[in-house]
Amino acid sequence: MHVHRALPHRAVVFSLRSSIRAAIRGCLCAVVLLLAATGAGAHGSEPHGSAPHEPEPSAPSSADAAADDAPLAPVLRARMVDDASTIRGRRGHRAVRGIQVLVPDGGRFDLDPAGRQLVYERRDPETGLSAVWINDADAAGTARCLTCVRPEFDDAHIFDPQWHPSGRYVAVLVQLRGKRLRLRDLDHLTPDRGVHTTPWMIAVDGREIWQLIDDPSSSARLDLQLDFEGQRLLWAVRATNRRDRAPWGQWQLRWARLRLGGGVPRLGRLDDRAVASNDWQDRVRVHAVTPDDRAALVSAVTVAGATTADVWRVPFDDDRPPIQLTDSPAIDDGVALVVGATDLPAAASSDWPADGLRLLWANDRGLETPRWLPSRSDLWLRPLDRDGAPLSATEAVRLTYFNNPDADHARGEARIDDLAIMPNDGRLLLRVVWSEPAVSAAAGGLRTSSAIYRLRWQRDAATAGGRGR
């Protein structure tokens, strides 16, 4: 797999002038250079992708070309990092043994039903377009591009891959106008990445593809998900266009029955479901299906004028009301996952009941307002009862510290954007996005990088084969 490598330049400017203006200017330059060196080098990160303000990648300079041949940081040199070079968080939770980089340039992802293969999106650093790749779940094999050989997907963004439970298909969102839209780097972290998209299904061997919705209009869709039986396809859809209170439009939850008659995927009637009963919902994100296959797990802003989202359990049955799983007005909640209590180690907290469910979710509790990313987050864990309702007498615990500079797995300003559990051993997979300085003046500003991480527990989880996604 092609990986763009570049290292930051360092320069020191000396001035012989003794005027106060020159001294101040020199100090400012030194500060800027020091911040750039610290942000790009201290975390051992590998830059990927194009600059945030460049619609098209620029030709590399001779200095950039020379930097391409420089060695990578040890953490990102291989897809699978051995125990000796595992990122160990000095401030991580006691139940976390280590956090490893699994796919250095991986985007949103999903595991096959057996937990043996990983499908993920990856942006080409030269074209800026995303394609879907398949590799072993431990990323030790040779990655195979599932969508690169299809002429129908030329100049298209393909993202949000979801493995069908049969193991024979992968569902994706396709943005056929991807190249013409010329989205910037940071645009891919906003709902703008979902404009002009339609859901497709692809045979795992890449030989057949099916467009599930023929919609040439400007519809916008995000966060594709499949239920555990493969009978329902879910996504977030933009219900209204941009407005002052909702700069990316208002989004809502939608799903449709998925049928595979004769091996050909088809969608049935579309159903919309409100997250809250007050007819106000914004920034709806679809994260997973609950282990009982009866509800969607979403985050949404459900109070007019509010700026933070909460996590909700939205049943597919219209007769059952949604359940709010988090309620913190000052905390912005994001990607979430519900798993069985036996799928994770009991060491997280001795005060929690041994049965019931667990909520894993990303939020910005205790974090400063981001300067560059739309949001930032780390991973938290809390218990739920057997019905999936929160236990009010228990506290959530923080598992990761990607946003804390004194943690060995720190990424500066970062957010967790996708989450899954290995069905065989309870290890977690996380997609983490972070910002870092551009490597050259020609690139300008900042750009984002991402990787898929694997979180290992101090004690192996009970191998109950949970159904968390």
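The values are calculated or read from the model by the stated rules, or taken from the named source; none is laboratory data. All values derive from a computational prediction rather than experimental measurement. Note: ideal-geometry Cβ built from the backbone for every residue, glycine included; neighbour counts use all protein chains shown. Calculation scope for accessible area: heavy atoms of the full protein, side chains included, ligands and nucleic acids excluded. Shrake-Rupley method; radii C 1.70, N 1.55, O 1.52, S 1.80 Å.
Per residue, segment 249-333 exposes 44 Å² of accessible surface when a 1.4 Å probe is rolled over the protein heavy atoms with every protein chain present.
Backbone phi angles across segment 335-340, fed through the Karplus curve with coefficients 6.51, -1.76 and 1.60 (θ = phi - 60°), yield HN-Hα couplings of 3, 9, 8, 10, 9, x Hz in residue order; Gly and Pro are listed as x. Our estimate of slack between residue 303 and residue 369, defined as 0.36 nm per intervening residue step minus the Cα-Cα distance, is 21.7 nm.
Each label was represented as a point 7 Å from its Cα along the Cα-to-Cβ direction; for residue 406 and residue 266 these points are 6.2 nm apart. Accessible surface for segment 347-419, divided over its residues, is 41 Å² per residue with a 1.4 Å probe. Decide, for segment 257-414, between rounded, prolate and oblate: order the square roots of the alpha carbon gyration tensor eigenvalues as a ≥ b ≥ c, take rounded if a/c falls under 1.5, and otherwise choose prolate if a/b is larger than b/c, else oblate. Since a/c reaches 1.5 and a/b is larger than b/c, the shape of segment 257-414 is classed as prolate.
Note on residue 155 and residue 207: the extension gain reaches 16.8 nm, defined as 0.36 nm multiplied by sequence separation minus the Cα-Cα distance. For segment 258-297, the percent of C-alpha pairs falling in each 5 Å distance bin, counted from 0 to the bin holding the largest distance, reads 5, 14, 17, 22, 21, 12, 5, 3, 0.
Label-to-label distance, residue 140 versus residue 293, with points set 7 angstrom from Cα along the beta-carbon direction: 3.2 nm.
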